[in-house]
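What follows is a single structure, written as structure tokens, with notes after it.
The values are calculated or read from the model by the stated rules, or taken from the named source; none is laboratory data. The structure displayed is predicted, hence computed values, not measured ones. Counting neighbours? That spans all protein chains shown, and the Cβs are built from the backbone with ideal geometry, glycine included. The area values use the complete protein model at the heavy-atom level, side chains included, leaving out ligands, DNA and RNA. Shrake-Rupley method; radii C 1.70, N 1.55, O 1.52, S 1.80 Å.
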Amino acid sequence: MRNQVKEVEGSRALPFGRATQRTRGAGAPESRRDQVLTTNVGLHIPAGLAFEEWERAGRQLSGLINSSSWWLGDWLVYGKDHYADRYERGIRAAGLQYQTLRNYAWVSRRFELHRRRSALSFQHHAELASLPVEEQETWLDRAERMKWSTKQLRNAIRAQRDGTPPVADAAEASTRRLAVPDNRLQWWHKAAEQSGTELAEWVMHTLDAAADRVLKEGDMRQAVVE
């Protein structure tokens with residue numbers, strides 16, 4: 001099996017992860033091939049790649065996927081606004097699916113560039129695109145602050161529409177009343193993720209366990225006194 005990117009016909013390699021250098025001949029630097037590379041037909045991942053490099057490439061790929069939805073949406077919006085009689089020809093020439101582009105363009109029109117949250121994905125914005133601007137901002141703020149996934153955001157919107165506040169909202173209200181510092185909240189989020197539970201569920205479980213332990217210790221001390 002060929003493993004050289006140069007031998008993949010019609011491919012163009014782009015480096016991912018941290019670029020490394022080696023010296024060749026008289027000292028001229030040359031990019032090494034022991035890094036993740038993209039081609040038109042897939043990824044070239046060298047054997048023995050360090051976990052840190054593999055992880056870094058994943059973050060970059062994820063960022064590109066999210067960004068590309070915005071890029072294509074903005075591209076189509078511009079084409080429709082400036083080349084009304086020719087933009088479909090450009091879509092065909094690019095080999096893109098019009099229905100997919102329409103969806104991207106619709107979301108892009110609903111969110112001006114300055115309103116897009118880099119901490120949230122394109123899909124987060126798509127979930128809110130049909131709402132009035134004020135509601136969009138409210139949900140974007142909440143999703144960003146609570147670090148919600150797209151599914152969590154969708155469930156929270158559905159719960160509010162059905163008149164049943166989600167558990168996450170109760171946790172958010174509690175943290176506001178307790179004035180929890182951001183670094184502490186992030187710490188709790190990390191603990192909840194490692195436990196495989198939602199933040200609100202983790203907080204409730206942890207507090208219940210602490211309360212149970214304290215009450216039992218109090219009962220034991222009371223029994224000794226008596």
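Every residue in segment 105-123 that is open to solvent by 50 Å² or more (accessible area, probe 1.4 Å) and among the aromatic types (F, W, Y), please. Correct list: W106 only. Of the residues that sit in segment 109-125 and are modelled with pLDDT under 95 and of a type in the set (A, V, I, L, M, F, W, C), which one is farthest from L76 (Cα to Cα)? Filtering segment 109-125 for residues that are modelled with pLDDT under 95 and of a type in the set (A, V, I, L, M, F, W, C), the one farthest from L76 (Cα to Cα) comes out as A119. Scanning segment 34-75 for residues that are among the aliphatic types (A, V, I, L, M) and in a helix (DSSP H, G or I) yields A57, L61, L64, I65, L72. Looking for whichever is modelled with pLDDT of 90 or more and of a type in the set (A, V, I, L, M, F, W, C) here; the options are W54, W106. Which one fits? From the options W54, W106, the qualifying one is W106.
Kindly indicate whether any position in segment 76-90 is in contact with a Leu (Cβ under 7 Å, 6 or more places away or on another chain) and either in a helix (DSSP H, G or I) or surrounded by 12 or more Cβ atoms within 10 Å (Cβ to Cβ) (or both). Break it down stepwise before answering.
Kept after step one, since they are in contact with a Leu (Cβ under 7 Å, 6 or more places away or on another chain), are these residues of segment 76-90: 76.
Remaining after also requiring either in a helix (DSSP H, G or I) or surrounded by 12 or more Cβ atoms within 10 Å (Cβ to Cβ) (or both): 76.
Among the residues of segment 76-90, at least one is in contact with a Leu (Cβ under 7 Å, 6 or more places away or on another chain) and either in a helix (DSSP H, G or I) or surrounded by 12 or more Cβ atoms within 10 Å (Cβ to Cβ) (or both), which makes the answer yes.
Comparison of T164, T100 shows that the only residue that is in a loop (DSSP other than H, G, I, E, B) and either of a type in the set (S, T, N, Q) or modelled with pLDDT under 95 (or both) is T164. Entry remark, segment 55-65: residues being touching a residue at least 24 places away in the same chain (Cβ under 8 Å) and open to solvent by 40 Å² or more (accessible area, probe 1.4 Å) number 3 in total. Of all the listed residues (Q222, Q194), the sole one being part of a helix (DSSP H, G or I), loosely packed, with under 10 Cβ neighbours inside 10 Å and at pLDDT 70 or above is Q194.
Pick from S130, S174: which is modelled with pLDDT of 80 or more and polar (S, T, N, Q)?
Working: S174 fails: modelled with pLDDT of 80 or more.
When all the criteria are applied, what remains is S130.
Residues in segment 124-148 that are open to solvent by 60 Å² or more (accessible area, probe 1.4 Å) and farther than 21 Å from K190 by Cα were compared, and the one that is nearest to the chain's Cα centre (by Cα) is T138.
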